[in-house]
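Report on the following structure.
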Amino acid sequence: MGLGDITYEDIIAATEEFRRLGRDNFLHTYGFGRARSYELVLDGVRYDSKAITGVAHGHATGDFLVARDFSGGAATVARRLRELGFVVETGEPATDRAALLESGEPATDRAALLERLRKLKVSRGPANPAPSRHQPLSLLWAISREADERPRLTPWPQFRDEVGPLLVEFGLPNAKATPEYPFWHLRGSGLWEVQGIPAELAREMPKVSLLDAHHPQAGLKEEAAGLLRDPVTRLDAIATICETYLEDVDRQALFERIGLDGYTTAGSPPSPSETESGGAGVDEYGRATGPAPRRDTTRSVIVRDEALTRKVKELEGDRCQICGTALRYLNRPYSQAAHIRGLGRPHHGPDELQNLLCLCANCHVLFDGLEIYVDPDGLVRGTNGTREPRALRRDPRHPVDEAHLGYHRNLCDINAHKPAV
C-alpha cells in the first residue's frame, strides 16, 4: 500500500462521493467504521479520514483500501492528507492530548478516556507487525466487569485464569498467552493500577513467581471506572478498542465469550430460563407424550410506562414507522412500542417518548437485532448495505432524540463487522 499515489484530485473525488451517498452509506459501501480520532475538514464538512483515503487510493490506482490495510494507523493517513494541503482535526487540540498522555494525570472526561484507549503502548512482534491484542482484550474484560457492577480490582490468580484463555482464543496467531504482561504493563495507559507489590520490587516488571507469591490486585483506576459506568461512554470505549486494535476479530463471538453479549442486540439478551428447553417425553415417532414441562422461576422485570406506549402508538396511528405496515390482531390495530436504546442492561436507556418508535413485529425484531438502523439524515438503512434506504415516518408531535439513534448506530457499526477470511 502506498499513500504517496494519492493526489489532491483523488481526495476531492472521494469527498464528492461521500456527499452523494451520505456518510453511513459511504462507510458501509467501502467497509469502514466511524472515525474516532482524525477527521478531514473541507468547506465546513467533516469526513472520516481513513475512509476518504481508502476510496481516494481506489480512484488513484484501482485498489480500494479497507480499514485493515492501514497498518500505520490514522496518524499516517492524517500526515498524507496534510501533505496534500488538507485540514485534519481531532476531537480536542493535539497539544492538550499529548500533554495529557505524557503527564500521567487521570482521565477525568470522556474525550481523555477515549484518547488513552487509542494510544495504548502495545508491543509488535517481529513475526507479526500487527499490534498485540493483550492489552485491548484485557481492557474489554475489565469493562465487562464494570458493566456487570463487579469489583474494580481483581486478584492476580483470577486475572490469570480468566484473561489467559481469552488471549489464547482471540490473540494474534502464534502469540503466546502471557497475562502477566497486560496485568502489569497496562499501568502505562494511565487507566490501570496494580496494588499489593512492595515498592522495592515494583521498579521493573515482577516475575510470575513473585505475582504468585504476593497475590496483587489490578484493575481500572477509580476515575476511569467512574467514567465507564455511563452506558454511552462505555459503548464508545468498547467501539474505540475494537476499531483500533481488533479489526479482524469476530466481535459477536468475542462479546459472548467475554461477557459483553448484551452489546450484540439493542434490547436485552434472553435470560437462561428463556433459552433452555425442557425435557418432555416423546414416543417412538418423536411425538410428545404429555404437556410441555413447566418451571417455577423468580425474576426481576422492568416496569414500563404504559401511558408512553399508548402515546407513541396513538401519534403514529398504530402504523410501523419503518415499513408503513398497519397490522390487526383480534379485530384491533396491533403495533409495538420499541425502545431505541434498550431499557435493560447494559444499555440502561430512559423510558421516554424520545426513546420510542412505533414498529410492526418484523421491523422490531430487525431493529433490536441490529439489522437496520436510522442514519443521521433520518433514512432507515440495512447494516449489510443491501437494503434500499427509506425515510423514517414520524408524526411532527413525536420527538425522537438523535443521541439515542446515534447509540443504536454505534451498536450496529460494531456488530456489522465481519472478520477477514
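Read-outs throughout are calculated quantities, based only on the coordinates presented, and are distinct from any laboratory measurement. Note that this is a predicted model, so its numbers are computed, not measured. In this analysis, Cβ positions are derived from the backbone assuming ideal geometry, glycine residues included, and neighbour counts consider all displayed protein chains.
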Added length on full extension, which subtracts the Cα-Cα distance from 0.36 nm per residue, H348 to E149:
70.3 nm
Total charge dipole magnitude, the range 186-254, about the Cα centre, Cβ charges on Lys, Arg, Asp, Glu only, Debye to nearest 20:
200
Using 0.36 nm per residue of separation minus the Cα-Cα distance, give me the extension gain between L201 and V45 in nm, one decimal.
50.9 nm
The range 3-89, Rg to Rh (Cα coordinates; Rh as Kirkwood inverse mean 1/r)
0.90
How many nm is it between the label spots at V66 and L330, if each spot is 7 Å from the Cα in line with the beta carbon?
4.9
On the formula 1/(1 + (r/R0)^6), with r taken between the Cβ atoms of A177 and T233 and R0 of 41 Å, the FRET efficiency rounded to 0.05 is 0.90
Given contacts defined as C-alpha pairs under 8 Å and at least six residues apart, what's the relative contact order of the range 306-416, whole-number percent?
26
Taking the range 306-416, the equivalent ellipsoid from its C-alpha gyration tensor has semi-axes in Å, biggest first, of 21, 16, 13
To make sure I understand, if each residue's beta carbon is the centre and we count other beta carbons within 10 Å, what order do S144, S209 fall in, fewest to most?
S209, S144
Return the whole-Å distance between the Cα centroid of the range 108-175 and the Cα centroid of the range 17-56.
28
If you take the charge dipole of the range 306-416 about its Cα centre, with +1 on Lys and Arg Cβ and -1 on Asp and Glu Cβ, which of P346, L330, H398 is farthest toward its positive end?
L330
Using alpha-carbon positions, what is the distance between the centroids of the range 364-392 and the range 302-344, in Å?
18
